[in-house]
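See structure below.
The values are calculated or read from the model by the stated rules, or taken from the named source; none is laboratory data. Everything numeric here is computed off the predicted structure, so don't read it as measured data. Every residue, glycine as well, gets a Cβ built from its backbone with ideal geometry; the counts of neighbours run over all protein chains shown.
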Amino acid sequence: MLRKLIILLTLAGSTTIASAQETWTLRRMVDHAMQQNISVKQADVQARIQALVLQQAKYNQLPSASFGTGLGMQFGRSIDPTTNQFTTTQLLFNNLSVNGGIQLYNAGQIKNNIAYSALLVQASLADKAKAANDIALSVCNFYLQALAAREQVKISAVQIGQTKAQLDITRKRVEAGNLPELNVAELEAQLANDSSNYITSEVNFQQAVLSLKALLNLNMAEPFAIDTPSVNNIPLQGLLDLQPDYVYNLARNNQPQQLGDSLRIAAAKQNIKIVRAGFYPTVSFGYNLTSAFANTLKTIDPSSFAITGAAPTGSFVTVGGTNYAVLEPTVAFKTMQRNFGQWWDGYGRQVDQNFRQSVAFQVNVPIFNNANNTRISYNRAKLDVQNQQLVQQGNLQKLQQDIYTAYTAAEAAMRRFYAGQKSVESAQKAYEFALKRYDAGLLPTIDLITNQNNLLRAKLQQLNNQYDYIFRMKLLEFYKGQGLQL
């Protein structure tokens, strides 16, 4: 039963690694994460929103124009919109208007707002680059964890094979009466422990792979295989080329966090100019074109116009000594509704007859209330500059601390790595010597297992030391501005 378990575990590990359809290198994972990671996408959306704010600030320079119309009905005593006279007649009306304007002077507020928005666009792009850098570091970290976990799987599988071989030999010696049954039981317990270690290593590997998939925004069920470069061939710079002062001076100029801080300080200073414009008058120009229609407006129907007779007016004119009575013609005609868009013998359309135009210049001068509100906003804008400068100082301090911490960690990791090599060599010699004594019947099984476990722990610890050392060194190279290269 135990043998079947070991075979199934080995096959499961091999199937997990080999079932993927394509191989992902670190470069491919980083490039993919920079485009598809949710955090990077969110930063990209914020950058595009800020770009729209900049576009709107530019459009504020252009004149405004709008068209409006309204249709309604009046009841009771009201003002006829076409005659401006009081009426009690129910009427249907339609108003038309076109209005607009442009700001002629505002103390540079629009121009400064454009510059302010442009700086924030650049800062948001720096935020996007920072998000991409953070994701790249996380991908590198989990990638190295996955490589280390895969190596642990291999070491655990070798350990199982060694223990199984020892168990087979011990069984034969027990059957021959050279060793007691206790030796077999101890090795079977060790084999079960090795199998448990194998499962733990396999689970650690799968968890690292799932973490990579999450960073890459991939479907968890999608086949996924990582490229396994030779660890010994990964290029590493020497610590002398990665001194913390040198790396910090480079990082403060090439890291997007510091670039974004500088841009936000510049934007905050630009905002002071925007707020300060509130102390000054503004001059604007506007226009308004309106017309109206009402169904009660009447006009004479020219086709119905006729003179039906004449009537004396009571006045006389004298011509050649003779008085003649002055007659007044009697006219008959019919009225008709003046329509919205028809022409009647030069009378025109209502929309033309009621057409009104106006233009105006407007000057607004802040005196008291606005001045006080603007002064508060102005003082707040100056404090915002100081706050952004403090944020920059804090981020620079953190950057310096992170670099010095990374350097210290890299130096310690390097020492652990070289010390671990000696530990593995010593544990390997101790195990080989113990195995020879065990084969000669001079060493108890429990002592052999102890030496074997010591060798396994030394190898696993050295494996962790090696990948930790690589990551620490790559982190310093990243701060230096060389990107991530394996």
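Remarks
- Taken together, the residues in region 59-115 that are in a strand (DSSP E or B) and of a type in the set (Ser, Thr, Tyr) amount to 7.
- Among the residues making up region 257-290, those that are touching a strand residue (DSSP E or B) at 6+ places or on another chain (Cβ under 6 Å) and hydrophobic (A, V, I, L, M, F, W, C) are Val283, Phe285, Leu289.
- Scanning region 244-277 for residues that are of a type in the set (Val, Ile, Thr) and modelled with pLDDT of 90 or more returns Ile265, Ile272, Ile274, Val275.
- Any hit, region 53-71, residues being under 30 Å from Phe93 (Cβ atoms), out of contact with any Cys (no Cβ under 8 Å at 6 or more places or on another chain) and surrounded by 14 or more Cβ atoms within 10 Å (Cβ to Cβ): no
- Residue in region 431-445 that is closer than 25 Å to Val184 by Cα, modelled with pLDDT under 80, surrounded by fewer than 15 Cβ atoms within 10 Å (Cβ to Cβ) and among the β-branched types (Val, Ile, Thr) present: no
- Just so you know, in region 202-243 the residues that are of a type in the set (Ser, Thr, Tyr) and modelled with pLDDT under 85 include one that is surrounded by the fewest Cβ atoms within 10 Å (Cβ to Cβ), and it is Ser230.
- So Val158, is it under 30 Å from Phe224 (Cβ atoms) and either in a helix (DSSP H, G or I) or outside the structural domain of Ala440 (by TED's automatic domain parsing) (or both): yes
- Counted residues, region 182-192 - those being touching a residue at least 40 places away in the same chain (Cβ under 8 Å) and of a type outside the set (D, E, K, R): 6
- Matching residues in region 360-370 - criterion: being out of contact with any Phe, Trp or Tyr (no Cβ under 7 Å at 6 or more places or on another chain) and in contact (Cβ under 8 Å) with a residue 12 or more places away in the chain: Ala360, Gln362, Val363, Asn364, Val365, Asn370
- Residue match in region 45-56 (condition: touching a Lys or Arg at 6+ places or on another chain (Cβ under 7 Å) and either in the same structural domain as Ile274 (by TED's automatic domain parsing) or in a helix (DSSP H, G or I) (or both)): yes
- Set side by side, the residues Leu120, Leu179 differ, and just one is outside any helix (DSSP H, G or I), touching a residue at least 40 places away in the same chain (Cβ under 8 Å), touching a helix residue (DSSP H, G or I) at 6+ places or on another chain (Cβ under 8 Å) and assigned by TED's automatic domain parsing to the domain that holds Lys459, which is Leu179.
- Ala221 passes every criterion in (1) touching a residue at least 24 places away in the same chain (Cβ under 8 Å); (2) under 29 Å from the mean Cα position of the chain (by Cα); (3) not in a helix (DSSP H, G or I) apart from (1).
- The C-beta contact set for region 228-244 (first residue farther than 19 Å from Phe478 by Cβ, second residue modelled with pLDDT of 70 or more and of a type in the set (A, V, I, L, M, F, W, C), distance under 7 angstrom, 6+ apart or interchain) comprises Thr228/Leu147.
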